[in-house]
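Below you'll find the structure, written out as structure tokens, and then a few comments.
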Amino acid sequence: MNEDTSRFVARHVQGLPCSGIREFFSIVSKMPDAISLGIGEPDFHTPWRIREAAIFALERGKTSYTDNLGLIQLRRAISDYVEEHFGLGYHPENEILVTTGVSEGLDAALRAFINPGDKALYHEPCYVAYHPCIQLSHGLGVPVATSAEDQFSLNPETLAKAWQPGCKALLLNFPTNPTGGVLEADSMASVARFAEEKDLLIISDEIYAELSYGQKHRSIAALPGMKERVLFLHGVSKAFAMTGFRIGFACGPAPLIEAMTSVHQYGMLCAPIVSQEAALEALRHGQEAVESMRQQYLRRRDYIVRRFNEIGLPCHLPKGTFYAFPDIRSTGLSEEQFCHRLLKEQKVAVVPGTAFGPSGKGFVRASFATGYDLLIEAVSRIEQFLQNLG
Amino acid sequence: MNKLLKLLLESENLSTLQMAEILGLEQAEVESELEKLKAEKVLLGWRPVLHPNVDAGNHVRALIEVKISPEREGGFDRMGERISRFDEVETCYLMSGGYDLLCVVKGANLHDVAAFVSEKLATIEGVLSTVTHFLLRAYKEQGYYLGGERGDPDKPAISP
């Protein structure tokens, strides 16, 4: 029987776009000798003392469910960490929810706060999940383009123009994957005022906060009067090199956390206990490792951005994350053509900017979460590629 | 810390040309900076770190605890420096605790090391006693974990 079973798939899921990254991944995975600058996670292993804490948790028989909100000792550690690093005070009992990565936190938040037809603003280019997650919660995504001229920060005027009646939430992700953009203090203050004026809930994904270069990261939740309308999303994946552990956390006013917990308890129940134990170790004792990794990313960033500019790909200096986002328009190629030809001709993988939204047109994302020897070789191959283009 | 030194510590096998590229310097500048670090004895040398099993059949290593008498002027330094000058002594530290000097001694075989300890080290005036521990197996060598942990075949080559 050759029956079409796709009729069982819900319409709003059928309508989700296929990630440009998935398509590219299938090509790269067949080229073992390619150098990939397309990896969206740290190249460092999780620091051993964190991994060891996970092993020890298993040895102690930590294999059960936990409280829906997460282990109370982990929530206390999150509360202390967020207070120390972000100047934000959240109560461990009812203002913090441990999620299975920020991904689940984002999904639970949108499902908890978006009514069918509600609109949610998001700046793009952005992480691939934002728009689809809004669609999955039956909301309407309203993109706000960011540009190289603004260093891919959120321009308050562009935000105001993009706003429409029915907008309920604003998703922020600074520092931004894929651009490395940050929200400077004056723009942040304007965005905060705008959110108050339009009564927007801000969902702020700050997963790259520790990987900020230059000035210290500041959360919009820390601005006066903002804590009551900001859901702060964070986690251990990037800074502590713990992507596979899948631990994130949401902090916000108790009624919002309670609503998210309603979604989380039925959809996820709780984050895996072994990972929670590892995250506890990370937050308590992982800071030195984070700083060491940040310093290495910083030096790699300075190198790759300088080289991109030297070889003729204008690239702004990302102030956070481990991504460079060079402008490839001078090549005359589209970002898709650039990526496919670079991979085919020089075996270097970068990701087309449009995988992160239409305003990524003319740009590519190159991750510098890789060792110097490969970075140097990759840039030298890109230079060769550009020379061959003439 | 000097930025060249930081780069040296975090990455290996970089040529001076590669170091220059990363730091945005001329190769000659990197080379002269390295010479300066050597002259200042910040950087002591450039030796490869070998797996301890390499050529293991032709040498043994021992940790020797040495108790010595401190001297009126100079404390333990003269003895420490004197013992360090033997080629057999790879490393020598002044220690706190139950003994004074910890020496890493290398020899062709157990007999060689034992002979060095009994004939050279223990007979120096001022050496009160020695305890010799032979190394059996290495699990980590100068920061290098020997269990192997490079690359993860399951890690996706492209991810969001």
Which angle between 0 and 90 degrees, to the nearest 10, do you get for helix A:372-389 versus the longest principal axis of chain A when only C-alpha atoms count? 50
Which entries of A:K30/B:K140; A:K216/A:K238; B:K38/B:K120; A:K227/A:K361; A:K119/B:K155 show an alpha-carbon separation above 25 angstrom in the structure shown? A:K30/B:K140; B:K38/B:K120; A:K227/A:K361; A:K119/B:K155
GNM result for chain A, Cα springs below 10 Å: residue of A:C270, A:C18, A:C251 fluctuating most strongly: A:C18
Pull out a ≥ b ≥ c, the square roots of the eigenvalues of the alpha-carbon gyration tensor of the stretch B:56-136, then state rounded if a/c is under 1.5, prolate if not and a/b is larger than b/c, and oblate in the remaining case. prolate
Would you order B:M95, A:M268, A:M242 from fewest to most other beta-carbon atoms within 10 Å of each residue's own beta-carbon? B:M95, A:M268, A:M242
Averaged over the residues of A:23-30, the number of partner chain Cβ atoms within 10 Å of each residue's own Cβ comes to 2
Going fewest to most other Cβ atoms within 10 Å around each Cβ, A:D302, A:D33, B:D152 line up as A:D33, B:D152, A:D302
Helix B:27-39 vs. chain B, principal-axis angle (Cα, 0 to 90°, nearest 10): 20
I'd like the trypsin sites (Lys or Arg not before Pro) in the stretch A:1-70 restricted to DSSP loop residues with at most 10 other Cβ atoms within 10 Å, sorted by number. A:K30, A:R60
Distance in nm between B:K120 and A:V9 label points, each 7 Å along Cα→Cβ, equals 7.5
If you line up the long axis of helix A:101-113 against the longest principal axis of chain A, both from Cα atoms, how many degrees apart are they, to the nearest 10? 60
Given the Cα-Cα distance of A:W48 and A:L16 and 0.36 nm per residue of separation, how much length would full extension add, in nm? 7.6 nm
Residues A:L333 and A:S29, FRET efficiency given R0 of 25 Å [Cβ-Cβ distance, rounded to 0.05]: 0.60
Antiparallel as a % of all DSSP beta bridges within chain A, to the nearest 5? 40
So which lysines pass the test for B:K36, namely a Cα distance under 24 Å, with those fewer than 8 places away in the same chain ruled out? B:K3, B:K6
Test of understanding: ordering B:F116, B:F134 by Cβ neighbours within 10 Å, fewest first, what list do you get? B:F134, B:F116
Rg/Rh for chain B: what does it come to with C-alpha atoms and Rh from Kirkwood? 1.09
How many angstrom lie between the Cα centre of the stretch A:203-263 and the Cα centre of the stretch A:344-390? 30
Sites B:V49 and A:R193, calculated FRET efficiency, Cβ-Cβ separation with R0 45 Å, nearest 0.05: 0.20
For chain A the mean separation of alpha carbon contacts under 8 Å (6+ apart) over residue count, i.e. relative contact order in percent, is 24
Mind checking the mean number of beta-carbon atoms from other chains within 10 Å of the Cβ atoms in B:10-20? 3
Nearest 0.05, what FRET efficiency do B:A108 and A:L374 give at R0 = 41 Å with Cβ-Cβ as r? 0.50
Pull out a ≥ b ≥ c, the square roots of the eigenvalues of the alpha-carbon gyration tensor of chain A, then state rounded if a/c is under 1.5, prolate if not and a/b is larger than b/c, and oblate in the remaining case. rounded
What's the average, rounded to a whole number, of partner chain beta-carbon atoms within 10 Å of each residue's beta-carbon in A:351-359? 1
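Here, each number is a calculation from the coordinates, and none is a lab measurement. Given the structure is predicted, the values throughout are model-derived calculations rather than measurements. Every residue, glycine among them, receives a Cβ derived from its backbone with ideal geometry; neighbour counts consider all protein chains shown.
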